[in-house]
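The values are calculated or read from the model by the stated rules, or taken from the named source; none is laboratory data. Values in this document were obtained by computation on a predicted structure and should not be read as measured data. Here the Cβ positions follow ideal geometry from the backbone for every residue, glycine too, while neighbour counts run over all protein chains shown. Calculation scope for accessible area: heavy atoms of the full protein, side chains included, ligands and nucleic acids excluded. Shrake-Rupley method; radii C 1.70, N 1.55, O 1.52, S 1.80 Å.
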Amino acid sequence: METNDLKSASTPMSTAAMMPSPILLWRFKVLLFFVWGFSCCKIGWDSVMRMSVDLRDLFLYEAFLYYNPLLLVTMMVWLWGINLWVFSQANVSYAKIFDLDQNHLTHREIWKCATWMTIIVPTSMTAYLYLYSHGEVPLAASQPVLLYCAVVMILIFPFDIFYLSSRYYLLRTLWRIVLPLQAISFSDFFVADILTSMAKVFSDLERSVCRMVHRQVATIAWFEADSVCGSHSLAIPFVLVLPYLFRFFQCLRQYKDTGEKTTLLNALKYSTAVPVIFLSALKYHVFPDRWTNFYRPLWLISGILNSLYSFYWDVTRDWDWSSFTRIFKFSKPHIFSHLLYGRKWVYFWVMGSNLVLRWAWTYKLSAHLRHNYLTVFAVAALEIFRRFQWVFFRVENEWNKMNSKTNIQLSEKDLTEEEEKLLVSNEHNV
């Protein structure tokens with residue numbers, strides 16, 4: 001019996017000794033990640049170098065068109081995880097602000113999703129480059145198609161896997177944004193604002209799906225600018241303007257429900273993006289002299305107006321800088337809190353970068369300035385980074401409003417209780 005007891009006691013100890021430590025597992029995962037990244041870069045580079053110089057630029061432009069929307073979405077998911085991490089450290093109840101249930105995703109789960117996206121999207125792009133450079137054109141053309149289909153299937157998958165409640169929460173929010181038939185919640189216009197920063201993503205998605213439908217993937221037929229899916233297509237400005245129209249109609253709905261005139265001024269802000277988009281698109285459909293002498297000055301004026309109006313609204317309406325921000329005041333000591341909390345340079349950086357990137361975003365909205373796809377991608381990534389900064393102060397402003405309302409309600413409740421006590425005491429004296 002003593003021998004059996006010793007064996008049973010030693011079994012958990014031996015099992016625990018055989019299990020690797022979490023730090024060792026984490027280092028192993030990081031090592032695998034770097035090996036995977038190096039392999040993708042090496043295979044992709046060798047595949048591109050196999051092509052002729054004339055074909056190389058055209059093919060890279062096409063490959064970048066299919067995959068840069070998903071790369072930008074991946075970047076947005078990573079940054080959103082950082083936003084949630086800061087909120088959790090600063091004791092900001094984002095679940096209460098966005099009216100989330102108990103099964104909402106934490107920053108760790110968001111980062112897990114972003115990690116898988118970071119692995120899958122570049123892997124598909126590497127396979128696309130490799131197969132095309134080795135003459136397997138049909139297999140290469142199937143790579144972006146399979147990836148897009150997989151993304152759609154994951155989003156609408158009806159079974160309780162892949163974070164079903166969070167996926168359906170996102171889909172319901174998007175449906176309410178497209179059809180604002182009900183009262184607008186904070187999460188509705190918050191997500192709609194983020195969609196305006198991803199207008200480039202939707203435009204490239206439209207062009208990618210168009211080429212998939214017309215079977216132009218891994219061909220150079222799409223390079224004709226005046227073709228159905230070409231760079232002069234009228235669908236491009238219409239898709240670019242959709243997020244701003246969604247936000248515009250949300251503001252009108254808010255005015256109908258609340259009667260606040262500030263919502264009309266907010267709607268006016270989103271309407272200023274419309275002439276920027278369509279005046280730029282006119283370059284391909286009017287005579288060059290007409291564009292240079294008439295439409296281009298109008299485009300410049302509308303771009304300046306949109307940038308300055310949006311910057312003014314960010315600083316005075318979306319953010320509350322009546323006091324130093326508390327969003328970076330963590331509950332526990334942390335190096336980021338020490339570097340950011342109460343620092344004046346944070347405000348100068350946010351205001352300056354917001355103004356500069358607002359103007360840069362106008363560059364991206366202009367279809368006639370899309371010749372350098374790497375520059376446009378960099379500008380779109382910077383706009384997502386600007387929105388990432390904007391989220392901190394916008395959520396904090398909403399959190400402060402909710403707390404002030406709660407404090408007012410509590411103070412009114414306390415006054416009511418004191419009045420009842422006084423009435424009871426007076427009746428007792430009488």
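Worth a mention:
- Sequence-ordered 3J(HN,Hα) estimates for region 146-163 from the Karplus curve with 6.51, -1.76 and 1.60 and θ = phi - 60° stand at 4, 5, 5, 4, 5, 4, 5, 5, 5, 5, 9, 4, x, 8, 7, 9, 6, 6 Hz, glycine and proline given as x.
- Accessible surface ranking that places the most exposed of Ile120, Ile97 first, with a 1.4 angstrom probe: Ile120, Ile97
- Label-point gap, in nm, between Asp289 and Thr262 - each point 7 angstrom along Cα→Cβ: 5.1
- Computed with a 1.4 Å probe on the full set of protein chains, the accessible area for Phe385 sits at about 70 Å².
- FRET efficiency, 1/(1 + (r/R0)^6) with R0 45 Å, evaluated for Leu374 and Ala95 via beta carbons: 0.70
- Potential lengthening between Ile156 and Leu245 on full extension [0.36 nm per residue; Cα-Cα distance subtracted]: 29.5 nm
- By accessible area with a 1.4 Å probe, ligands and nucleic acids excluded, highest first: order of Lys200, Lys344, Lys112: Lys344, Lys112, Lys200
- The residues neighbouring Pro180, those whose beta-carbon lies less than 15 Å from its own, together hold a net charge of +2 under the Lys/Arg +1, Asp/Glu -1 convention.
- Remark: region 44-51, residue by residue, has Karplus-estimated 3J(HN,Hα) of x, 5, 4, 5, 5, 5, 6, 7 Hz, where x stands for each Gly or Pro and the curve is 6.51 cos²θ - 1.76 cosθ + 1.60 at θ = phi - 60°.
- Taking every protein chain into account, the 1.4 Å probe leaves Met117 with about 60 Å² of accessible area, to the nearest ten.
- Anisotropy class of region 126-244 from Cα gyration tensor, a/c 1.5 cut: oblate
- Accessible area of His232 (1.4 Å probe, protein heavy atoms only, ligands and nucleic acids ignored): about 50 Å².
- A cut-off under 14 angstrom between Cβ atoms defines the neighbours of Phe248, and their net charge, with Lys, Arg +1 and Asp, Glu -1, is +2.
- Val213, Val239, Val395, ranked by accessible area, largest first (probe 1.4 Å): Val213, Val239, Val395
- Cβ-based net charge around Trp116, under 15 Å, with every Lys or Arg adding one and every Asp or Glu removing one: +3
- Which listed pairs, of Lys112/Lys329; Lys42/Lys329; Lys42/Lys332; Lys96/Lys332; Lys96/Lys256, have C-alpha distances above 31 Å, in listed order: Lys42/Lys329; Lys42/Lys332
- The alpha carbon gyration tensor of region 31-145 gives principal lengths a ≥ b ≥ c with a/c of 1.5 or higher and a/b greater than b/c, which makes the shape prolate.
- Per-residue Karplus couplings for region 299-309, computed as 6.51 cos²θ - 1.76 cosθ + 1.60 with θ equal to phi - 60°, are listed in order as 4, 5, 5, 5, x, 5, 4, 4, 5, 5, 5 Hz, Gly and Pro entered as x.
- Shape category assigned to region 125-174 from the gyration tensor of Cα positions, a/c cut at 1.5: prolate
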